[in-house]
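The values are calculated or read from the model by the stated rules, or taken from the named source; none is laboratory data. Values in this document were obtained by computation on a predicted structure and should not be read as measured data. All Cβ positions, even for glycine, are placed from backbone atoms using ideal geometry, and neighbour counts span all protein chains on display. These accessible areas exclude ligands, DNA and RNA; they are computed on the full protein's heavy atoms, side chains included. Shrake-Rupley method; radii C 1.70, N 1.55, O 1.52, S 1.80 Å.
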Amino acid sequence: MRRPVIAGNWKMHNTVAETTALVEGLLATRPPASVDVVVAPPFTSLPAAAMVAAGSPLGLAAQNVHWETHGAFTGEVSAAMLVELGVGWVIVGHSERRTLFGETDRTARDRARAAQRAGLTVIYCIGETLAEREADRTFAVLSSQTDGLGSLDPDRLVVAYEPVWAIGTGRTASPEQAQEAHAFVRSCLERAFSPAAAAALRILYGGSLKPSNAHELLARPDVDGGLIGGASLDVDSFSAIIRAAADRAAGV
Ligand code: 13P
């Protein structure tokens, strides 16, 4: 049984004060021990989140990392800089990085490798656009986005399937669509790694995941958790999704 992961991608939300309040609120709900709960605040809020979460099982993720260890890379942050803050996870290759900031499969893989070398666990994002889905290219896109992941360490890798058309749109993949894509991604990971490694890898769903649809999505056999944007910014909705993941872990 794969241990569920529920990760909140805060994107460009929350000041230091707001971060402190949100992490305190989340910890006060006593998240169940059967779920890996992770939050990804903006860089500026990571130290505050680390301070509040110290001694708790809450995982801390960054939203990006550079592939070099140091140098003249204005605006970038290295993996060692994140580790120093107590960060254990990093989101790589998010579709917003791909569409708005020129991220490619190549740069995403380079970031992921550097992050793993420093000991970080990578949440590696993939997913098709609406045009690609409508052109029946979903599997081809997922196949090429997972191509080359074999150079990563599967023990420090979580894959997030985020159909671009479902991100921030209120439109969610149906449980059947999610399961179909996740099973296909797992078959790609079998080729990249091994059947045993692929069977152990957690594949998260992302895209308008919320309390009202979490239970049915997380009940699917290959949906091992979620990467959540909007609904992770509110303690009640995020903790409701965490409880749905705990139900999955308990086989409810
Ligand atoms: P929403 O949950 O707001 O659709 O965002 C999903 C996402 O992009 C998480 O990385």
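So which helices (runs of 4 or more DSSP H) stay within the range 111-215 end to end and still have 1 or more residues that are of a type in the set (A, V, I, L, M, F, W, C) and under 18 Å from the mean Cα position of the chain (by Cα)? Working first, answer last.
Working: elements: 130-134, 138-146, 175-192, 195-200.
Ranges flagged: 138-146, 175-192, 195-200.
Looking only at the range 76-100, count how many residues are assigned to a loop (DSSP other than H, G, I, E, B), of a type in the set (S, T, N, Q) and surrounded by fewer than 17 Cβ atoms within 10 Å (Cβ to Cβ).
So the first thing to find is which residues in the range 76-100 are assigned to a loop (DSSP other than H, G, I, E, B), and the list is 76-78, 85-88, 93-94.
Add one more test, that the residue is of a type in the set (S, T, N, Q), and what stays is 78.
Adding the requirement that they be surrounded by fewer than 17 Cβ atoms within 10 Å (Cβ to Cβ) leaves none.
Of the residues in the range 76-100, 0 are assigned to a loop (DSSP other than H, G, I, E, B), of a type in the set (S, T, N, Q) and surrounded by fewer than 17 Cβ atoms within 10 Å (Cβ to Cβ).
Search the range 121-142 for residues being out of contact with any Ser or Thr (no Cβ under 9 Å at 6 or more places or on another chain) and closer than 19 Å to Ala192 by Cβ, and hand back the single one that is nearest to the ligand (Cβ to nearest atom).
Ile123
Going by what's in this entry, would Thr172 be described as at pLDDT 95 or above and surrounded by 16 or more Cβ atoms within 10 Å (Cβ to Cβ)? Outline the logic, then answer.
On the way: at pLDDT 95 or above: no; surrounded by 16 or more Cβ atoms within 10 Å (Cβ to Cβ): yes.
Answer is no for this residue.
Which one of these does Glu190 not meet: (1) open to solvent by 40 Å² or more (accessible area, probe 1.4 Å); (2) more than 14 Å from the ligand (Cβ to nearest atom); (3) touching a residue at least 12 places away in the same chain (Cβ under 8 Å)?
For Glu190, the failing item is (3).
Could you say whether any residue in the range 113-123 is β-branched (Val, Ile, Thr) and at pLDDT below 95? Working first, answer last.
Going through the range 113-123, the residues β-branched (Val, Ile, Thr) turn out to be 121-123.
Pick out the ones that are also at pLDDT below 95 and you get none.
There is no residue in the range 113-123 that is β-branched (Val, Ile, Thr) and at pLDDT below 95.
Looking only at the range 216-252, count how many residues are more than 16 Å from the ligand (Cβ to nearest atom), touching a strand residue (DSSP E or B) at 6+ places or on another chain (Cβ under 8 Å) and over 23 Å from Leu157 (Cα atoms).
Total satisfying the criteria: 0.
(1) open to solvent by 70 Å² or more (accessible area, probe 1.4 Å); (2) within 18 Å of the chain's Cα centre (by Cα): which one isn't true of Glu103, the others all being true?
(1)
Tell me whether the range 150-162 contains one or more residues that are within 14 Å of the ligand (Cβ to nearest atom), touching a helix residue (DSSP H, G or I) at 6+ places or on another chain (Cβ under 8 Å) and open to solvent by 50 Å² or more (accessible area, probe 1.4 Å).
Initially, the range 150-162 is screened for residues within 14 Å of the ligand (Cβ to nearest atom), giving 158-162.
Filter again for touching a helix residue (DSSP H, G or I) at 6+ places or on another chain (Cβ under 8 Å), leaving 159, 161-162.
Retained after the next criterion (residues that are open to solvent by 50 Å² or more (accessible area, probe 1.4 Å)): none.
Within the range 150-162 (the criterion being within 14 Å of the ligand (Cβ to nearest atom), touching a helix residue (DSSP H, G or I) at 6+ places or on another chain (Cβ under 8 Å) and open to solvent by 50 Å² or more (accessible area, probe 1.4 Å)), the answer is no, since none of the residues qualifies.
Filter the range 204-215 down to residues that are over 20 Å from Ile91 (Cα atoms) and either within 11 Å of the ligand (Cβ to nearest atom) or open to solvent by less than 20 Å² (accessible area, probe 1.4 Å) (or both), then give me how many there are.
Step one: list which residues in the range 204-215 are over 20 Å from Ile91 (Cα atoms), which gives 211-215.
If we keep only those that are either within 11 Å of the ligand (Cβ to nearest atom) or open to solvent by less than 20 Å² (accessible area, probe 1.4 Å) (or both) as well, we get 213-214.
Within the range 204-215, residues that are over 20 Å from Ile91 (Cα atoms) and either within 11 Å of the ligand (Cβ to nearest atom) or open to solvent by less than 20 Å² (accessible area, probe 1.4 Å) (or both) number 2.
Scan the range 56-78 for residues that are more than 22 Å from Asn14 (Cα to Cα) and out of contact with any His (no Cβ under 8 Å at 6 or more places or on another chain) and jot them down.
His66, Trp67, Glu68, Thr69, His70, Gly71, Ala72, Thr74
Within the range 216-229, track down each residue that is assigned to a loop (DSSP other than H, G, I, E, B) and among the charged types (D, E, K, R).
So in the range 216-229, the residues assigned to a loop (DSSP other than H, G, I, E, B) come out as 219-224, 229.
Arg220, Asp222, Asp224, listed by residue number.
Report every pair of residues separated by at least 6 positions or lying on different chains whose Cβ atoms are under 7 Å apart, first residue within the range 27-50 and free of Cβ contacts under 8 Å to residues at least 24 places away in the same chain, second part of a helix (DSSP H, G or I) and surrounded by 18 or more Cβ atoms within 10 Å (Cβ to Cβ).
none
Yes or no, residue by residue, for (1) farther than 19 Å from Gly127 by Cβ; (2) touching a helix residue (DSSP H, G or I) at 6+ places or on another chain (Cβ under 6 Å):
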{"position": "Val65", "(1), (2)": "yes, yes"}
{"position": "Val83", "(1), (2)": "yes, no"}
{"position": "Gly93", "(1), (2)": "no, yes"}
{"position": "Glu96", "(1), (2)": "no, no"}
